[in-house]
Each structure stands twice: as structure tokens, then as C-alpha cells.
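First up is the structure itself, then whatever we jot down about it.
The values are calculated or read from the model by the stated rules, or taken from the named source; none is laboratory data. Just so we're clear, the structure is a prediction, and the values are computed from it rather than from any experiment. Because the Cβ atoms are built from the backbone with ideal geometry, glycine has one as well, and the counts that use them run over all protein chains shown.
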Amino acid sequence: MTPVHNVITSGQPAAPAGPPPVPLLDLAREYAEIGPEIMAAVEAVFRSQRFILGPEVAAFEQAAAARCGAAEAIGCASGTDALWLAMAASGVQPGDQVLTTAFSFFATASSILRLGAVPVLADIDPRTCNLAPAAASLAFEKHPGIRAILPVHLYGQCADWTALAAIAKPHNCLLIEDAAQAMGAKWDRIPAGNLGDAAAFSFYPTKNLSAAGEAGMVTTMNAAIARRARSLRTHGMEIRYHHEEIGWNSRLDTVQAAVLLVKLRHLDAWTERRRALATRYDELFANAGVVEPGPYPEHGIVLPWIDPRAHHVFHQYVIRVTRRDELRAWLAERGIGSEVYYPVALHQQKALAFLGYREGDFPESERAAREVLALPIFPQLRDDEQERVVNAIRNFFV
């Protein structure tokens with residue numbers, strides 16, 4: 001989940017004199033491609049007047065489950081709610097310890113707390129910025145009662161599921177995917193959403209598959225988890241007005257489902273364009289002579305590293321650079337958008353100070369927060385705009 005007031009201008013500088021700005025993301029271009037399809041789908045919902053759990057919701061759930069290779073998908077109101085639903089429906093209880101990464105969007109931790117559970121943070125692999133298996137193993141030594149692991153597939157690349165599953169197995173530990181940024185990603189050819197006991201997706205407007213507002217989804221292979229997630233999203237109700245437990249109001253709006261159904265048809269082509277843009281960035285930066293071997297930059301930039309077992313969908317194309325804030329200001333002066341995901345590690349967030357972590361506890365997460373910079377990457381980004389981004393960064397180092 002990426003909080004912005006206007007996603008079309010997210011990460012964009014004010015337009016300077018000269019060439020038009022290169023946006024970090026421009027949803028208006030997407031709408032220009034598929035606007036008639038979107039409006040027809042939305043108009044059909046208005047004609048039916050079935051705004052809550054209408055037929056489009058069930059149709060989207062079925063199509064999304066098939067796309068993820070999951071048995072069932074449960075639409076909900078947001079990616080944050082999806083995290084809560086996935087954990088609660090899987091059996092995470094108040095007081096349980098849930099292991100997750102120290103480097104993610106705030107909802108990864110806040111959803112654990114919303115359950116009444118306890119976040120246990122661990123450091124990241126500096127190459128991928130995903131939860132490091134070695135750090136996860138160490139966390140189990142310090143916290144042997146961990147009930148669940150919540151890895152994040154950050155930037156569109158799956159966490160090392162092979163290693164994390166091996167860690168979880170002897171502890172009989174639940175594995176819940178934070179797949180908010182990973183629709184279409186895979187690990188060893190298995191789609192995100194079909195790796196753990198359950199998974200949570202976000203369809204926030206900046207995501208690769210995006211709604212026209214807030215929306216989310218839980219996927220699972222487990223019928224009991226799916227049934228409970230459906231109940232929890234409707235106030236703990238399976239039979240109308242009969243409540244078996246206290247749930248929440250987190251239903252996927254029919255209008256959002258209609259929009260998502262249209263966009264899902266385009267997702268494969270959009271994903272391949274993102275991957276092609278990422279490959280082209282790699283080539284252009286290499287030719288520009290600014291690339292350094294990873295994981296830590298010194299005088300140039302470190303490019304995204306792709307695990308050979310992963311199918312990366314590039315929700316974000318994130319470089320690492322020591323003079324990150326200077327480079328970002330340089331790009332803004334030249335009309336080029338960028339963004340920092342994320343400038344503060346979770347253990348450094350004021351709202352989470354009560355967890356008792358201190359500066360220096362997770363050095364890789366802290367360093368990533370100082371160095372990561374997301375560059376423009378979306379399916380409608382033009383080649384000439386991408387070249388402007390690369391040329392501007394090359395000139396920064398001259």
C-alpha cells in the first residue's frame with residue numbers, strides 16, 4: 001500500500017521549463033487505453049444497482065483465484081484489510097507472535113497489531129530488500145513461540161519462499177504472504193498467492209493491478225480459511241443477521257470488482273511491458289557507465305537484483321545510491337519523478353517505538369531506507385522518457 005493524495009502525480013516534481021515532466025506513474029495514460037471498457041463495466045453495475053457483493057465480485061474472485069493458482073479468492077475493502085483477514089482466518093490469535101520484515105509499508109506491522117498479535121521484526125537481504133532467511137532463523141532462536149511468518153514480496157519480487165518454508169516447517173508455523181505488490185509474481189514457477197497458507201493482495205491505484213480506489217483480496221488453497229475470511233469480512237456472519245464471531249465490514253465494492261475484471265484482462269501484457277522496461281533500464285544504465293556491483297553502492301548506482309528462482313513483476317524499479325536525496329532533488333529539477341519506498345524502517349517508526357527496538361537493530365533495513373530510490377516504471381512509459389531518466393542520472397555522476 002502506498003499512501004498518496006493523487007496517484008497520478010505521485011512522486012512527480014512541479015513542471016519546470018523545458019520538456020514535459022516524466023511522471024513516476026500516470027494513470028491517465030492507462031485510462032486513455034481502456035477507458036471505454038472501464039466505463040461500460042461500471043455502467044453495467046449502475047444499471048443493475050447491485051453495489052455490494054454483486055455478480056462482478058464473484059466473477060472477479062473466480063478469475064483472480066485462477067490467475068494465482070489458488071482454490072479461492074476473497075475480495076475485501078483494502079490491502080490492509082486483506083492482511084488482517086488472511087492472518088485472522090488462518091488462525092493467528094491475540095498474543096501470538098508474527099515474524100515479519102523490518103522494511104515494508106506500515107500496514108505490514110499495523111495489521112498484526114490490529115489482530116492483537118505481536119510483530120517480531122527481522123532484517124532484510126540487501127540484494128532484494130526482502131526478509132532474509134538467516135535473520136528469520138535467528139528470530140526463531142530468540143522467539144521460539146513464533147506462530148506465523150509474514151514475508152513481504154517487496155517491489156514485485158517474491159521473498160525466498162524455499163528457505164522460509166524450510167524454517168517454518170519444524171515449528172509448525174503458518175506462512176502468510178504479504179503479496180500487496182506482487183500480483184503476477186512467481187517463485188519457482190508457483191504464483192504469489194499460492195505459496196503459503198493464505199496471501200493478501202492490494203489493488204490500491206498505484207499497484208500493477210489497480211482499482212479505482214481502495215480494494216484488496218485474500219487467496220488460499222484452504223477451504224476452511226476461505227470460509228472464515230468470507231465470514232469475517234461481513235461482521236462474522238454466514239447466515240444473514242446471525243453472527244458467529246466479531247468480524248469487520250470489509251466487502252469488495254461491486255464497482256471496484258468490475259474495474260478489476262477489465263484490468264485483469266490486460267495484466268499479462270502490462271506485466272511483460274514492465275519487465276521489458278526493467279531489462280532496458282539495466283542495459284541503458286550499464287551503457288551509461290554508472291552501475292556498480294551490489295549490494296552496496298559507493299560512487300554509482302546498484303541495480304535491482306533478480307533471484308533466478310523469481311519471476312519479478314516490477315511493481316517498482318528500485319536502485320540504490322548513497323547520495324539518494326541529492327539525486328532525487330537533481331531529478332526533480334529536471335522534471336523527472338521518483339519516490340522512496342520506504343524512508344523509515346518499521347522499527348524506527350514513532351508509532352512502533354513501544355515494540356522496544358532500537359537504532360542499529362536492523363542495519364540492512366536502516367541502510368536500505370537511506371539508499372533506495374524508485375524510478376518511473378509503468379506500462380505506458382515511453383522509451384524516450386526512459387532515456388531521459390537514464391541520461392539525467394548519468395549526468396548527475398559526471
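Within the range 350-365, is there a residue that is closer than 30 Å to Q97 by Cα, in contact (Cβ under 8 Å) with a residue 12 or more places away in the chain, touching a Cys at 6+ places or on another chain (Cβ under 9 Å) and not aromatic (F, W, Y)? Within the range 350-365, one or more residues are closer than 30 Å to Q97 by Cα, in contact (Cβ under 8 Å) with a residue 12 or more places away in the chain, touching a Cys at 6+ places or on another chain (Cβ under 9 Å) and not aromatic (F, W, Y).
Per-residue answers, yes or no, for (1) charged (D, E, K, R); (2) modelled with pLDDT of 95 or more:
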{"residue": "A226", "(1), (2)": "no, yes"}
{"residue": "R230", "(1), (2)": "yes, yes"}
{"residue": "E244", "(1), (2)": "yes, no"}
{"residue": "R251", "(1), (2)": "yes, yes"}
{"residue": "L267", "(1), (2)": "no, yes"}
{"residue": "L277", "(1), (2)": "no, yes"}
{"residue": "A288", "(1), (2)": "no, yes"}
{"residue": "D307", "(1), (2)": "yes, yes"}
{"residue": "F314", "(1), (2)": "no, yes"}
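Looking across the range 14-37, the residues that are within 20 Å of N208 (Cα to Cα) and crowded, with 18+ Cβ neighbours inside 10 Å come down to V22, P23, L24, L25, D26, L27, E30.
Candidates are the residues of the range 167-179 that are in contact (Cβ under 8 Å) with a residue 24 or more places away in the chain and either surrounded by fewer than 24 Cβ atoms within 10 Å (Cβ to Cβ) or not β-branched (V, I, T) (or both); the one that is nearest to I377 (Cα to Cα) is A179. Within the bounds of the range 385-393, is there any residue that is within 24 Å of the chain's Cα centre (by Cα) and in a loop (DSSP other than H, G, I, E, B)? Taking every residue of the range 385-393 in turn, none turns out to be within 24 Å of the chain's Cα centre (by Cα) and in a loop (DSSP other than H, G, I, E, B). For T279, the criteria (1) more than 25 Å from T162 (Cβ to Cβ); (2) without any contact (Cβ under 8 Å) to a residue 12 or more places away in the chain hold in every case but one, which is (1). For the range 338-354, the set of residues classified as farther than 27 Å from R273 by Cα and either among the polar types (S, T, N, Q) or surrounded by fewer than 16 Cβ atoms within 10 Å (Cβ to Cβ) (or both) consists of P343, V344, Q348, Q349, K350, A351, A353, F354, listed by residue number. R358 meets each of the listed conditions (1) touching a strand residue (DSSP E or B) at 6+ places or on another chain (Cβ under 9 Å); (2) assigned to a loop (DSSP other than H, G, I, E, B) apart from (1).
For residues that are assigned to a strand (DSSP E or B) and of a type in the set (G, A, S), scanning just the range 183-216, find the one that is nearest to A258 (Cα to Cα). Residue satisfying both the conditions and the ranking: G216. When the range 355-398 is filtered for residues that are small (G, A, S), over 21 Å from P295 (Cβ atoms) and loosely packed, with under 14 Cβ neighbours inside 10 Å, only G356 remains. Those helices (runs of 4 or more DSSP H) of the range 63-145 in which at least 1 residues are closer than 20 Å to I190 by Cβ, considering only elements entirely within it, cover 79-90, 133-142.
Looking only at the range 239-270, residues that are closer than 17 Å to S90 by Cα and either touching a Ser or Thr at 6+ places or on another chain (Cβ under 7 Å) or free of Cβ contacts under 8 Å to residues at least 40 places away in the same chain (or both) come to 4 in all.
When we screen V45, V92, V7 for residues that are surrounded by fewer than 19 Cβ atoms within 10 Å (Cβ to Cβ), β-branched (V, I, T) and either touching a Pro at 6+ places or on another chain (Cβ under 8 Å) or at pLDDT 95 or above (or both), the only hit is V7.
Within the range 115-164, the set of residues being free of Cβ contacts under 8 Å to residues at least 60 places away in the same chain and either charged (D, E, K, R) or not assigned by TED's automatic domain parsing to the domain that holds P94 (or both) comprises E141, K142, R147.
For the range 341-368, which positions are among the basic types (K, R) and over 22 Å from the mean Cα position of the chain (by Cα)? K350, R358 - these are the residues of the range 341-368 that are among the basic types (K, R) and over 22 Å from the mean Cα position of the chain (by Cα). V255 meets the conditions (1) assigned by TED's automatic domain parsing to the domain that holds Y204; (2) out of contact with any Phe, Trp or Tyr (no Cβ under 7 Å at 6 or more places or on another chain) in every case but one. The failed one is (2). Within the set A192, A224, A212, the sole residue that is over 14 Å from E61 (Cα atoms) and free of Cβ contacts under 8 Å to residues at least 12 places away in the same chain turns out to be A224.
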